[in-house]
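Below is one structure, written out as structure tokens, with a few remarks after it.
The values are calculated or read from the model by the stated rules, or taken from the named source; none is laboratory data. As the structure is a prediction and not an experimental result, all values here were calculated from the model. No Cβ is skipped: glycine too gets one built from the backbone with ideal geometry, and neighbour counts run over all protein chains shown.
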């Protein structure tokens, strides 16, 4: 089998090399270019070296754009012997679904793609939600498709699609999608429409008992009456017509309630809309394995809602659910379509991003894991730089900033380091065997990719207040000895403090990508109040005081 180059163009662009069913290389472009959500994965592509004689290219983008795919084809073939070039830009949701299903470990599943802007249909519609039945080796049957509509003329195209796909429930009744409803709260605080995670954090401050109008015509179709469009951060975004005049650049601490209340409403109503889809199609098909992907798949609050609403369903929440994983999804689709490989390769970790760098020459103090645990227990902030970085948006221990969760002011102190908004919460990293002491996880035994936010137990509220959000929840990452560095660190921290929990956030500053190189790590150390960077591979630690 030839080596496959997966290329994902547009926001959160990425490149991967894939061979014999395995990832050989992956990176988002932003890790090299330092431009958040960079659209052109050129640096990432040229960072990879291969001696393969035959290269097949799988190109993915949310939209077909004249000349873009051809330009990448011309660039790749100048350096490599390209034997085929396939464009999947008219199958955006299918590419999302391929990634989630093949990573899930399920042999059959329903895949729910909840996305902002999928592929363009009929020149005037975009995919917004799609449900697939997926099975090996490469079977993806579309059973539900919802479009958001740009023009009234789209209805003829939708009717034709419905006739051509009689086994698929087809909907196209609104100019807005589930995510565009969510985006209206992001626009209200004048954030980029792709920064919906900020609304998720703010929603916890909302009044849960406030009566509010229904944002949906029915349970899953947005009501156009309440929404308009605005230009936010160089992007056309949806916004609430009722609240348009209240839009602010920063959420004020002394009058945040109106923004938090609306954030809670879009959180509540959109997660209920997705749950309605899950209920409908699990009931209809009898399939109890469910994958959640597309940008909304990163909504950890909604993910908890699903597992509580559907205790008999087995969920997989794709950790690369946004477009950053679509280079891998495109490569996976090409590979399975060509080989009909029946092998199940469940995703075990996300530590496969970027390059390895020689850190042997870095000067610093020699430390043991116990020394680092003692620093953390003494109130110091420690960033970790270890091996390859995490793929996806969650820092899981190789590029993390860690802090003592016993400190009730931890959120304030780490937000000062990160230079980010006051209302945003931090995650907890916890020993898997201890997790249920601090977090109400129900039937869930582990959450290794930090894709679910759980209620905190009374014991947790008392002992680890630094990772408890205002609504008494915490997004967590469970750790076992498959992650030996973090397992040993948490074990040592527990030896000192009695608690196998640490605050974990990504090693970057607000608006910047996750650090990739040692130089990035030191730049972050210099330009923040972070105390230390730890290099576990060489047992060295570097303090901020030693480099400023």
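The helices (runs of 4 or more DSSP H) found entirely in the range 33-118 that carry 2 or more residues being touching a residue at least 12 places away in the same chain (Cβ under 8 Å), touching a strand residue (DSSP E or B) at 6+ places or on another chain (Cβ under 7 Å) and within 30 Å of residue 285 (Cα to Cα) are 92-104. The single condition among (1) within 30 Å of residue 512 (Cα to Cα); (2) within 21 Å of the chain's Cα centre (by Cα) that residue 131 does not satisfy is (1).
The range 331-450 holds strands (runs of 3 or more DSSP E) entirely within its bounds, and those carrying 2 or more residues that are under 27 Å from residue 250 (Cβ atoms), in contact (Cβ under 8 Å) with a residue 60 or more places away in the chain and touching a strand residue (DSSP E or B) at 6+ places or on another chain (Cβ under 8 Å) map to 399-403, 427-431. Does residue 445 satisfy the condition of being surrounded by fewer than 19 Cβ atoms within 10 Å (Cβ to Cβ), within 20 Å of residue 348 (Cα to Cα) and either touching a helix residue (DSSP H, G or I) at 6+ places or on another chain (Cβ under 6 Å) or not assigned by TED's automatic domain parsing to the domain that holds residue 427 (or both)? Spelling it out, it is not the case that residue 445 is surrounded by fewer than 19 Cβ atoms within 10 Å (Cβ to Cβ), within 20 Å of residue 348 (Cα to Cα) and either touching a helix residue (DSSP H, G or I) at 6+ places or on another chain (Cβ under 6 Å) or not assigned by TED's automatic domain parsing to the domain that holds residue 427 (or both). When the residues of the range 119-143 are narrowed to those that are in contact (Cβ under 8 Å) with a residue 60 or more places away in the chain and within 15 Å of residue 293 (Cα to Cα), which ends up surrounded by the most Cβ atoms within 10 Å (Cβ to Cβ)? Checking each candidate, the answer is 131.
Of all residues in the range 203-236, those satisfying the criterion of being closer than 19 Å to residue 299 by Cα and within 23 Å of the chain's Cα centre (by Cα) are 203, 204, 205, 220.
Picking from 484, 465, which residue would you name as being surrounded by fewer than 17 Cβ atoms within 10 Å (Cβ to Cβ) and free of Cβ contacts under 8 Å to residues at least 24 places away in the same chain? If you could, list the steps in order and put the result at the bottom.
Numbers: 465 fails: free of Cβ contacts under 8 Å to residues at least 24 places away in the same chain.
Criteria check complete, one pass: 484.
Residue 317 falls short on exactly one of the conditions (1) surrounded by fewer than 23 Cβ atoms within 10 Å (Cβ to Cβ); (2) over 30 Å from residue 231 (Cα atoms), and that condition is (1).
Kindly evaluate residue 149 against the criterion of being out of contact with any helix residue (DSSP H, G or I) (no Cβ under 7 Å at 6 or more places or on another chain) and surrounded by 18 or more Cβ atoms within 10 Å (Cβ to Cβ).
Details: out of contact with any helix residue (DSSP H, G or I) (no Cβ under 7 Å at 6 or more places or on another chain): yes; surrounded by 18 or more Cβ atoms within 10 Å (Cβ to Cβ): yes.
In short, yes.
Can we say residue 357 is in contact with a helix residue (DSSP H, G or I) (Cβ under 8 Å, 6 or more places away or on another chain), under 22 Å from residue 533 (Cα atoms) and not assigned by TED's automatic domain parsing to the domain that holds residue 195? Yes; evaluated as a whole, the condition is true for this residue. Only residues that are in contact with a strand residue (DSSP E or B) (Cβ under 9 Å, 6 or more places away or on another chain), part of a helix (DSSP H, G or I) and surrounded by fewer than 19 Cβ atoms within 10 Å (Cβ to Cβ) were counted in the range 165-211, giving 0. Can you confirm whether residue 312 is over 23 Å from residue 57 (Cβ atoms) and without any contact (Cβ under 8 Å) to a residue 24 or more places away in the chain? So residue 312 fails the test. Scan the range 219-262 for residues that are under 12 Å from residue 176 (Cα atoms), in contact with a helix residue (DSSP H, G or I) (Cβ under 8 Å, 6 or more places away or on another chain) and either in a loop (DSSP other than H, G, I, E, B) or without any contact (Cβ under 8 Å) to a residue 12 or more places away in the chain (or both) and the total you get is 1. Of the listed requirements (1) surrounded by fewer than 14 Cβ atoms within 10 Å (Cβ to Cβ); (2) without any contact (Cβ under 8 Å) to a residue 60 or more places away in the chain, residue 216 misses just one: (1).
I'd like to know if the range 407-419 contains one or more residues that are within 23 Å of the chain's Cα centre (by Cα), in the same structural domain as residue 498 (by TED's automatic domain parsing), on the phi > 0 side of the Ramachandran plot and modelled with pLDDT under 95. Don't jump to the end; show me each part of the working.
Taking the range 407-419 and keeping what is within 23 Å of the chain's Cα centre (by Cα), we get 411, 414-415, 417-419.
After this cut, where a residue has to be in the same structural domain as residue 498 (by TED's automatic domain parsing) as well, the list is 411, 414-415, 417-419.
In the following step, the residues that additionally are on the phi > 0 side of the Ramachandran plot were identified as 419.
Within this subset, residues satisfying the condition of being modelled with pLDDT under 95 are 419.
Looking through the range 407-419, at least one residue is within 23 Å of the chain's Cα centre (by Cα), in the same structural domain as residue 498 (by TED's automatic domain parsing), on the phi > 0 side of the Ramachandran plot and modelled with pLDDT under 95.
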